[in-house]
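Notes follow the structure.
The values are calculated or read from the model by the stated rules, or taken from the named source; none is laboratory data. This is a predicted model, so every value here is computed, not measured. In this analysis, Cβ positions are derived from the backbone assuming ideal geometry, glycine residues included, and neighbour counts consider all displayed protein chains. Keep in mind that these areas ignore ligands, DNA and RNA; they rest on the heavy atoms of the full protein, side chains included. Shrake-Rupley method; radii C 1.70, N 1.55, O 1.52, S 1.80 Å.
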Amino acid sequence: MFNKNTALSAGLIVALSFQACMPTLALAEPTAQEQALNKLQSLGSELDAIQSELDSKTAQMEETQVEIDKTQAQITETSQKLDEAKQTLSQLTRSNYKTGNGSVLDVIFESSSFEDLANRLYYMNKTSKENVDAINAVEKLSADLASQNQTLEARKKSLEASISVTQTKLAAYQQKVDEAQAYFNSLDEQTQQQVESEAQAAEEASSSSSSSASNAGQASSSSKSSSVSTVVHAIKNNNAGSTSSTTSNANSSQPNTSTTKNTNTSTTTNSNTSNTQTTTSKTTTQTKPKETYNSYSGAGIASARSLIGVMYKWGGSDPNRDGGVDCSGLVVYSYGTRRGRSTYEMISSLKASGDWKTSLSQLNPGDLIFTSAGHVGIYLGNNRMIHAPAEGRRVCETTVWAFYGGGSY
């Protein structure tokens, strides 16, 4: 037994000694390109998350705006009915005043016969009922109007809150884009080319309609490439905004303001221009030239194409005046306001004129196309459209992904 235990101990010592003498396998350090891709992939994932929130919030704002427009239309209709009811009640009151209310005793004594008495009582009751009905109608319509106004105010407040949240998220998105831009600019030319190649490959893979089971194992790699593509695309959009500005706006007395993160606590004013740069412990407000666009209105598809690359701006309908356009603003800029300003007004107008279409195959190039009750674009044919997507994005041409209805302008 002793010899057996001794042998086991000796064997264990030899094994441990052998393991200790083996060379340690060191993991290879990631290359500069791999580090760059990993960093940009991380930034891309954050941008994707914020953009998803912006898309969702924009869709929510569009839906709320539709509800506001519906409520406003109800208020207009109720107000008209209330005015009519008040007018009816006023006429009845004047009529009763002229003819006298008349008591039952007066009716009895003034009647020349039983038939005359019956007729007088009938008209007396009828007049009384008309008065009651008119008063009830006024009271009901007044209550309806008050309720609709309360609903309208609540929805307006909801929209204002959504806009405020969206602006905060948009600032966070821009801050992250600026961070990605600064990091990308710090890379050497070879690494930048590698990153752009990776992004290009991801875009081509995404646009490809073919998908096979053999690609399932590449999900992780595709996701990484997609995030890198998101960053590169965002950086290009950022640069597009800068290059679209004209140098004549560099010293504008009405600068465009952007906010970015900064930890300094100084305030600097440049006396050579009217632009100012203010730095606080949390944010830096730095003036930028306002973006200007070489676009033209009123020409349908041609005008819509001239807006490709213009930033989405809630409530905007003129890129140079408003700094961008929203989805219905794109239509207004391209065609005018004959169909209204909002999607609700446009849909109502199309239905009223008999031009509303419920099948995509019925649309022609240049027609309005609605992917929902709150989102509109301009149809190009071949399942393609131009639209202003959402906050943080720019006007673009894309494939039709949903169809709610449409019609000719």
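Of note:
- Here r is the Cβ-Cβ distance between residue 399 and residue 351 and R0 is 30 Å; the resulting FRET efficiency, rounded to 0.05, is 0.70.
- Sites residue 80 and residue 237, calculated FRET efficiency, Cβ-Cβ separation with R0 41 Å, nearest 0.05: 0.30
- Of 387, 233, the residue with the largest accessible area leads and the full order is 233, 387 (1.4 Å probe).
- Cross-link pairs exceeding 24 Å in C-alpha to C-alpha distance, out of 176/313; 156/351; 57/156; 70/156; 81/157, comprise 156/351; 81/157.
- Full-stretch length increase - residue 161, residue 201 - with 0.36 nm per residue and alpha-carbon distance subtracted: 10.4 nm
- Sparsely packed trypsin sites (Lys or Arg not before Pro) within region 334-402, loop by DSSP, other Cβ within 10 Å at most 11: 338
- Amide H contacts of residue 342: none lie under 5 Å away among residues 5 or more positions distant or on a separate chain (H built 1.01 Å from N in the peptide plane; Pro and chain starts excluded).
- Solvent accessible area, Å² - residue 68, 1.4 Å probe, full protein context: 10 Å²
- For residue 404, net neighbour charge (Lys/Arg +1, Asp/Glu -1) across residues whose Cβ lies under 14 Å away: -1
- Per-peptide average of other Cβ atoms within 10 Å, ordering 57-63, 322-328 highest first: 322-328, 57-63
- Accessible surface of region 305-361, 1.4 Å probe: 49 percent of it comes from carbon and sulfur atoms.
- Ordering 308-318, 132-142 by mean Cβ neighbour count within 10 Å, with the highest value first, yields 308-318, 132-142.
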